[in-house]
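The values are calculated or read from the model by the stated rules, or taken from the named source; none is laboratory data. These numbers come from a predicted model, not from an experiment. Cβ placement follows ideal geometry from the backbone for every residue including glycine, while neighbour counts extend to all protein chains displayed. For the accessible areas, the whole protein counts, side chains as well, though only heavy atoms, and no ligand, DNA or RNA atoms are used. Shrake-Rupley method; radii C 1.70, N 1.55, O 1.52, S 1.80 Å.
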Amino acid sequence: MKGKNSDSQVARKQKRKRTDSETETTESPKEFDLKELSKKQILQCISAIFHLTQEQLKETNSLLAEEARPIFIQVTSVRVPKMPRRQMRVLLPYSIVAPDDEIALFVCDLERGRRKDYEPTVEYYRDLLHKHGCTRVNEIIPMNRVKNEFDQFELKKKLLGSYDHFLVDGRIAGHMSHLLGKHFTKKRKLPTSIRMESKDLKHEIDYALRKTSMLLHSHGDTHLMQIGNTSMDKKKILKNTLAACEKLSKNYPGGWTNIRALRLKSTTSLALPFYMTLKNKNTVNPHEIVVQPKRPKAYRDVEGELSTFVRDTTVIVKPEGTVILNKHKKKQPRARRKSGAGNVTARNDESYMKSSLRRYKICWLLQTDAGVSPISDRRFLSAPFFKSKATMSKYPSLHAQCRAVLQKHE
């Protein structure tokens, strides 16, 4: 018996501990601290990726041994964020563009129209870049050319593979994202916007080439972002990694508390971890990982009166198209009684006073002329009582007497 009691007590304690861990309250958001990341561990991961990449390139083709390969940071979340697809831009200390990378620039058309020649537009922007000393842009693509020559799926795919990075004039950045399609988003090659009217255009282009992007989504707990390539110095990749981690602690859904692990990898190598935690999911507030979609200012409920359908009706139209009708019922006026007195307060409504006098008159006439006994039921004093068919069938003699008295005295 003692053994059974001890076993049951142990089971209760274990169950109590389990329930306590499951119902653990959410902690306050933890701030990012560089001391949690080991720079030595990050450098070891970078060196291992360099070695693995070079060995793989030598085995496949010796001509591509010197080609630069991208290096990514892989972020694993504690809770999967609930949000629509969105691009998060991160500014790095050093550019991730390799010396032999091809860069294309999407620009506005000088003359609108599909049949207009776009060669003058190319010449104009080429002279503008030469004037500011910009040598990083390899190709200038007007918007008219994208509409005419890259309108098919295969042509867009060919354009995607022809260049490594894309820039776009900020005035047409919103239109180009729709024209280029979803494949540019999947390959993390959406063009970075720049201000072509800037006085220092070279600085504007160099600043844009230092930016990298991460595609945030709610389809999994893993996200990728490029932070360098194999042609860069290892210390520069280390600084880019630390800057990316600091940016993730502020803009990642849920903050630093929602990051489970950070790893470095290339396109073909394994992911090497340099930060990992085994925290419980309950430490992350589920409301902080929910990101609402961006809506225009006009995205709101519209309310107004609907006079063409029913009177005293208001209609509410939701942004998604839902229509809600609200009917307002008018309250009928009631007689008010003064405190401590039985007199009814005077009404300004003449029709109400006439109907009241008419009912009392009928009652008085029934008592005097027709010889009917006093009426105690309050139903008999209501005007609809004398007009209803139920009264005629239930009290035929009384109804006939009322009609006769009214015809005699009116």
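Taking the conditions exactly as written (surrounded by 15 or more Cβ atoms within 10 Å (Cβ to Cβ), touching a Lys or Arg at 6+ places or on another chain (Cβ under 7 Å) and closer than 21 Å to ARG171 by Cα), does ILE141 satisfy them or not? It is false that ILE141 is surrounded by 15 or more Cβ atoms within 10 Å (Cβ to Cβ), touching a Lys or Arg at 6+ places or on another chain (Cβ under 7 Å) and closer than 21 Å to ARG171 by Cα. Report the residue count in the range 79-95 for those that are closer than 30 Å to THR135 by Cβ and open to solvent by 10 Å² or more (accessible area, probe 1.4 Å). Going through the range 79-95 one residue at a time, the tally reaches 7. Criterion first (assigned by the TED database to the domain that holds ASP101 and at pLDDT below 90) does LYS265 satisfy it? Spelling it out, it is not the case that LYS265 is assigned by the TED database to the domain that holds ASP101 and at pLDDT below 90.
Filtering ARG136, ARG115 for residues that are open to solvent by 50 Å² or more (accessible area, probe 1.4 Å) and free of Cβ contacts under 8 Å to residues at least 24 places away in the same chain leaves a single hit, ARG115. Out of the residues in the range 172-196 meeting the condition of being open to solvent by 40 Å² or more (accessible area, probe 1.4 Å) and at pLDDT 90 or above, tell me which one is nearest to PRO84 (Cα to Cα). By that ranking, first place goes to SER193.
Free of Cβ contacts under 8 Å to residues at least 40 places away in the same chain and surrounded by fewer than 19 Cβ atoms within 10 Å (Cβ to Cβ): which single residue out of ASP233, ASP206 fits that description?
Details: ASP206 fails: free of Cβ contacts under 8 Å to residues at least 40 places away in the same chain.
Sole residue among the options that is free of Cβ contacts under 8 Å to residues at least 40 places away in the same chain and surrounded by fewer than 19 Cβ atoms within 10 Å (Cβ to Cβ): ASP233.
Is one or more of the residues making up the range 244-252 part of a strand (DSSP E or B), open to solvent by 20 Å² or more (accessible area, probe 1.4 Å), of a type in the set (Lys, Arg) and in the same structural domain as LYS58 (by the TED database)? Scanning the range 244-252 turns up no residue that is part of a strand (DSSP E or B), open to solvent by 20 Å² or more (accessible area, probe 1.4 Å), of a type in the set (Lys, Arg) and in the same structural domain as LYS58 (by the TED database). Is it the case, given these coordinates, that ASP151 is surrounded by fewer than 13 Cβ atoms within 10 Å (Cβ to Cβ) and under 15 Å from HIS175 (Cβ atoms)? Judged against the criteria, ASP151 is a match.
Count, please, the residues in the range 257-291 that happen to be out of contact with any strand residue (DSSP E or B) (no Cβ under 8 Å at 6 or more places or on another chain) and exposed (fewer than 14 other Cβ atoms within 10 Å of the Cβ). Looking only at that region, the number is 7.
Scanning the range 217-229 for residues that are open to solvent by less than 30 Å² (accessible area, probe 1.4 Å) and at pLDDT 90 or above yields a total of 5.
Scoring ASP109 on the criteria (1) out of contact with any strand residue (DSSP E or B) (no Cβ under 8 Å at 6 or more places or on another chain); (2) over 29 Å from LYS247 (Cα atoms); (3) surrounded by 14 or more Cβ atoms within 10 Å (Cβ to Cβ) leaves a single failure, condition (1).
If you check GLU111, GLU139, GLU102, which single one turns out to be modelled with pLDDT under 90, in the same structural domain as HIS175 (by the TED database), on the phi < 0 side of the Ramachandran plot and of a type outside the set (Gly, Ala, Ser)?
Result: GLU111 is the single residue among GLU111, GLU139, GLU102 that is modelled with pLDDT under 90, in the same structural domain as HIS175 (by the TED database), on the phi < 0 side of the Ramachandran plot and of a type outside the set (Gly, Ala, Ser).
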